[in-house]
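Visitor: I'd like to ask some things about the structure below.
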Amino acid sequence: MPARSIGTGTLSFGMVSIPIRMYSAGESASAVSFNLLHSKCKSRLKQQYVCPKDNEIVPREQMVKGYEFSKEQYVTFTEEELKAMAEEAQKAIEITEFVPAAKVDPVYFDGAYYLGPDKGGEKAYKLINEAMKQTGRAALAKWAARGKQYLVLIRPVDKGLVMQQLLYKDEVRPISEVPIDDAELKEPELKLAMQLIEQIANDEFKPENYEDEVKKRYHEAIQRKVEGQEVITAAEAPKTAQIIDLMEALKASLAAKSAAAAEAKAEADVSGKKKTGTEG
């Protein structure tokens with residue numbers, strides 16, 4: 001099924017303006033969510049706001065927005081004041097510069113959208129896609145929506161473009177804030193670690209090889225409930241013995257991976273023989 005556009009706009013740099021359509025890159029609706037119900041009658045509950053000082057329910061028309069500038073000290077703003085400060089939505093995505101794609105740390109990545117060409121923009125769209133791929137660069141741009149101004153990265157993928165929302169510098173903590181004590185590495189340990197990495201390495205990222213097992217369990221349990229069946233609690237997974245020595249842990253990991261690979265190969269060989277009818 002073709003993706004449905006969630007908006008239109010223009011992608012501009014210099015004097016070039018490309019009409020585009022925007023599409024969601026993710027499917028957030030696929031997540032499992034639960035509603036709060038009254039256990040007595042199974043009616044869905046409604047949310048209410050209660051003032052702890054006056055001990056009364058506060059209707060929406062009596063609410064104001066406030067910013068806590070000090071502990072329990074607030075300044076309030078009216079909706080008109082907030083609207084005056086908010087960024088007006090713009091359909092233009094304005095490219096400010098091109099940077100090497102590999103130089104943008106993924107720690108800055110936030111939500112993502114696909115950009116597709118709108119009518120009349122096919123050639124210019126293909127041109128910027130190909131030019132960025134050949135130069136190895138991505139575009140930094142400004143985009144205003146939902147009252148905010150976003151920093152975004154436009155990067156080429158296959159024949160299309162992805163608009164990646166970025167966090168601002170002050171929204172990302174530096175790794176230097178993480179306490180990391182120094183440790184001495186021995187050459188044999190490093191070689192074993194590299195060998196383990198190579199043993200389970202792959203030259204491509206294949207997301208189809210992975211599945212959200214927790215979500216799958218939720219859906220299976222929900223279906224059993226709908227059908228009137230009992231939900232059976234899964235048995236606790238057996239705990240593996242903890243290996244303290246780093247070298248022993250690396251050696252055990254390599255041995256386990258080698259055994260698993262040999263078992264998988266044996267199963268594949270048996271399956272191949274059954275298909276060809278050569279099994280004795």
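Visitor: Quick one: Val64 ticks every box in (1) open to solvent by 100 Å² or more (accessible area, probe 1.4 Å); (2) at pLDDT below 90 bar one, so which box is it?
Guide: (2)
Visitor: Pairs only if they're at least six apart or on different chains, beta carbon under 8 angstrom, first in the stretch 128-151 and at positive phi and in contact (Cβ under 8 Å) with a residue 12 or more places away in the chain, second part of a strand (DSSP E or B) and open to solvent by less than 90 Å² (accessible area, probe 1.4 Å); list them, first residue then second.
Guide: Gly136/Pro100
Visitor: For Phe98, which of the numbered conditions (1) in contact with a Ser or Thr (Cβ under 8 Å, 6 or more places away or on another chain); (2) among the aromatic types (Phe, Trp, Tyr); (3) open to solvent by 100 Å² or more (accessible area, probe 1.4 Å) fails to hold?
Guide: If we test Phe98 against (1) in contact with a Ser or Thr (Cβ under 8 Å, 6 or more places away or on another chain); (2) among the aromatic types (Phe, Trp, Tyr); (3) open to solvent by 100 Å² or more (accessible area, probe 1.4 Å), just (3) comes out false.
Visitor: Against the conditions (1) outside any strand (DSSP E or B); (2) closer than 30 Å to Lys216 by Cα, where does Gln48 fall short? Just the number, please.
Guide: (2)
Visitor: Report yes if some residue within the stretch 100-119 is touching a Pro at 6+ places or on another chain (Cβ under 6 Å) and of a type outside the set (Val, Ile, Thr); otherwise report no.
Guide: Checked the stretch 100-119: at least one residue is touching a Pro at 6+ places or on another chain (Cβ under 6 Å) and of a type outside the set (Val, Ile, Thr).
Visitor: While we're here: Quick one: which residue in Leu196, Leu166, Leu153, Leu192 is in contact with a helix residue (DSSP H, G or I) (Cβ under 6 Å, 6 or more places away or on another chain), at pLDDT 90 or above and aliphatic (A, V, I, L, M)?
Guide: It is Leu166.
Visitor: Could you check, for the stretch 176-183, whether at least one of its residues is of a type in the set (A, V, I, L, M), over 30 Å from Glu94 (Cβ atoms), outside any helix (DSSP H, G or I) and at pLDDT below 85? Full working, then the answer.
Guide: First pass over the stretch 176-183, keeping only residues of a type in the set (A, V, I, L, M): 178, 180, 183.
When the remaining residues are screened for being over 30 Å from Glu94 (Cβ atoms), the result is 178, 180, 183.
When the remaining residues are screened for being outside any helix (DSSP H, G or I), the result is 178, 180, 183.
Remaining after also requiring at pLDDT below 85: none.
Checked the stretch 176-183: no residue is of a type in the set (A, V, I, L, M), over 30 Å from Glu94 (Cβ atoms), outside any helix (DSSP H, G or I) and at pLDDT below 85.
Visitor: Exactly one of these conditions fails for Ala138: (1) small (Gly, Ala, Ser); (2) open to solvent by 50 Å² or more (accessible area, probe 1.4 Å); (3) in a strand (DSSP E or B). Give me its number.
Guide: (2)
Visitor: When you check Val157 against the structure, is it of a type in the set (A, V, I, L, M) and more than 25 Å from Ser24 (Cβ to Cβ), yes or no?
Guide: So Val157 does not fit the description; no.
Visitor: Now for a different question. Which members of the stretch 23-49 meet the condition of being of a type outside the set (Ser, Thr, Tyr), at pLDDT 90 or above and surrounded by 10 or more Cβ atoms within 10 Å (Cβ to Cβ)?
Guide: Within the stretch 23-49, Leu37 is the sole residue that qualifies.
Visitor: Taking Lys119 as the residue in question, decide whether it is open to solvent by 100 Å² or more (accessible area, probe 1.4 Å) and without any contact (Cβ under 8 Å) to a residue 40 or more places away in the chain.
Guide: It is false that Lys119 is open to solvent by 100 Å² or more (accessible area, probe 1.4 Å) and without any contact (Cβ under 8 Å) to a residue 40 or more places away in the chain.
Visitor: Something else now. I'd like to know if the stretch 81-92 contains one or more residues that are in contact (Cβ under 8 Å) with a residue 60 or more places away in the chain, of a type outside the set (Lys, Arg) and in contact with a helix residue (DSSP H, G or I) (Cβ under 9 Å, 6 or more places away or on another chain).
Guide: Scanning the stretch 81-92 turns up no residue that is in contact (Cβ under 8 Å) with a residue 60 or more places away in the chain, of a type outside the set (Lys, Arg) and in contact with a helix residue (DSSP H, G or I) (Cβ under 9 Å, 6 or more places away or on another chain).
Visitor: Can you confirm whether the stretch 123-133 contains a residue that is assigned to a strand (DSSP E or B), under 17 Å from Ile18 (Cβ atoms) and basic (Lys, Arg)?
Guide: No, the conditions are met nowhere in the stretch 123-133.
Visitor: Which one is nearest to the chain's Cα centre (by Cα), of the residues in the stretch 67-95 that are among the acidic types (Asp, Glu), assigned to a loop (DSSP other than H, G, I, E, B) and loosely packed, with under 11 Cβ neighbours inside 10 Å?
Guide: Here the answer is Glu88.
Visitor: Give me the residue from the stretch 98-122 that is of a type in the set (Asp, Glu) and more than 25 Å from the chain's Cα centre (by Cα) and, out of that set, farthest from Met22 (Cα to Cα).
Guide: That would be Glu122.
The values are calculated or read from the model by the stated rules, or taken from the named source; none is laboratory data. Given the structure is predicted, the values throughout are model-derived calculations rather than measurements. Heads up, the Cβs are rebuilt from the backbone with ideal geometry, glycines too, and the neighbour counts pull from every protein chain shown. Surface accessibility is based on the protein's heavy atoms, side chains included, excluding ligands, DNA and RNA. Shrake-Rupley method; radii C 1.70, N 1.55, O 1.52, S 1.80 Å.
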